[in-house]
Amino acid sequence: MATSKVLAGAQVVLPTGTVPNGRVIVSDTGRIAGSAPADAEAIETIDLTGHWLVPGFVDIHNHGGGGASFTSGTAEDILQGVQTHRLHGTTTVVASTVTDDMDALAQRAGLLSELAEQGDIAGVHFEGPFISPCRKGAHSEALLRHPDPAEVRKLIDAARGHARMVTLAAELPGGIDSVRLLAEHGVIAAIGHTDATYEQTKAAIDAGATVATHLYNAMPGLGHRAPGPIAALLEDERITVELINDGTHLHPAAFELAFHHAGAGRVALITDAMDAAGFGDGTYLLGPLEVEVKEGVARLTEGGSIAGSTLTMDRAFKRSVTVDKLPVEDVVAAISANPAKLLGQYDRVGSLESGKDADIVVLDAEFTLKGVLRKGDWVIEP
């Protein structure tokens, strides 16, 4: 059980700005409190002078970590992966699948929904099988299929109310109708692994798509005569763009261009992590495909396509501030607030406000992770 505590002396990043020499009071209920408990003796004061306090990270696109896979592992494996990411500051995680046959995906959705009901994960993201063979990335082409709305509905139903997002190529037959179906059911329709034109992408947005899955990756490049999906996704205020800031998926200039054009309010930093995140180099499986990880970069053994990442959110945060020179407040928006809002969970997570879960990350002056609180309990104690 959490005990009441005061985190004092740090720079505290709030939605309204950064408070120097601030403090955050954590009640024994595991929530952020606006005032200290009546019993002063029940309060533990922790001096965090010289540190930063930011909200726990929210990852809406993650396939696993710690040697464990969300796409094929047991419930225990999935919890191992979740814990690995918690150790790196991700206090809210959506489990992402990869392309498989429909029965296997429905079965996987059932298992993941049980963990969502227990509060271990924040829901399910189906990445595939409704994607373009031209932009399949690390997905099995033999298992790809058109986004028939009836089949999309099967996956939504299999997740028992915990489907949060479906990535699809809306230019495929049934794509636009599937986007409408997802929007009607309160599930995020994400444009990704797509070969769509600018005009087709705009049509998908008008139909209800609201997210760009790992912008730039697995879609046509930006062209001056054929701007393609990137321009459509960046320019539309209705779209939140996912960015993988690991230095491998995106050149710093491309990252900066997207962040500058979309603005801090329309970016969601993600990991797109696979099993090797927080674990190490080696050979892994991503769905049915073999992946080799060398020096932290995951690629398909056959063909060499990038196969997810080994990124953790604390590294993404630090890189965004120290390499890309973004304001801390903008990074907090992209790594916590914006994804929490997309999930419809901003009333509970995503900012350090009274009444919300005490999901808090402690960073030192160099933005290295030093502590993690989840619902008022230390995952890592500073």
Practice item. Working carefully through the options LEU342, LEU373, find the one that is under 21 Å from THR84 (Cβ atoms), touching a strand residue (DSSP E or B) at 6+ places or on another chain (Cβ under 7 Å) and in contact (Cβ under 8 Å) with a residue 12 or more places away in the chain. Key: LEU373
Review point. Do we have ALA75 as among the small types (Gly, Ala, Ser) and more than 23 Å from LEU369 (Cα to Cα) here?
Key: yes
Review point. Looking at this structure, is HIS214 surrounded by 23 or more Cβ atoms within 10 Å (Cβ to Cβ), at pLDDT 95 or above and of a type outside the set (Val, Ile, Thr)?
Key: yes
**Study point:** Sole residue being assigned by TED's automatic domain parsing to the domain that holds VAL291, of a type in the set (A, V, I, L, M) and crowded, with 16+ Cβ neighbours inside 10 Å, chosen from ALA142, ALA150, ALA183, ALA159
**Key:** ALA159
Practice item. Would you confirm whether any residue within the stretch 295-307 is under 21 Å from the mean Cα position of the chain (by Cα), within 22 Å of CYS134 (Cα to Cα) and surrounded by 24 or more Cβ atoms within 10 Å (Cβ to Cβ)? Key: yes
Practice item. Would you be able to say whether some residue in the stretch 220-241 is modelled with pLDDT of 95 or more, buried (at least 20 other Cβ atoms within 10 Å of the Cβ) and closer than 20 Å to ARG315 by Cα? Key: yes
Check your understanding: Considering HIS125, HIS139, which residue is modelled with pLDDT under 95 and under 26 Å from ARG299 (Cβ atoms)?
Key -> HIS139
Revision key, fill the gap. Inside the stretch 90-129, the number of residues satisfying the requirement of being at positive phi and among the hydrophobic types (A, V, I, L, M, F, W, C) is 0
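Which ones in the stretch 10-31 are charged (D, E, K, R) and closer than 18 Å to ASP364 by Cβ? If you could, list the steps in order and put the result at the bottom.
Here is the first cut: in the stretch 10-31, the ones charged (D, E, K, R) are 23, 28, 31.
Within the stretch 10-31, ARG23 is the sole residue that qualifies.
For every residue, the table says whether it meets (1) of a type outside the set (D, E, K, R); (2) surrounded by 21 or more Cβ atoms within 10 Å (Cβ to Cβ); (3) not assigned by TED's automatic domain parsing to the domain that holds VAL331.
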{"position": "GLN11", "(1), (2), (3)": "yes, no, yes"}
{"position": "SER27", "(1), (2), (3)": "yes, yes, yes"}
{"position": "ALA33", "(1), (2), (3)": "yes, no, yes"}
{"position": "ASP47", "(1), (2), (3)": "no, no, yes"}
{"position": "ASN62", "(1), (2), (3)": "yes, yes, no"}
{"position": "ILE78", "(1), (2), (3)": "yes, yes, no"}
{"position": "THR97", "(1), (2), (3)": "yes, yes, no"}
{"position": "ALA106", "(1), (2), (3)": "yes, no, no"}
{"position": "GLU114", "(1), (2), (3)": "no, no, no"}
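The values are calculated or read from the model by the stated rules, or taken from the named source; none is laboratory data. Everything numeric here is computed off the predicted structure, so don't read it as measured data. Every residue, glycine as well, gets a Cβ built from its backbone with ideal geometry; the counts of neighbours run over all protein chains shown.
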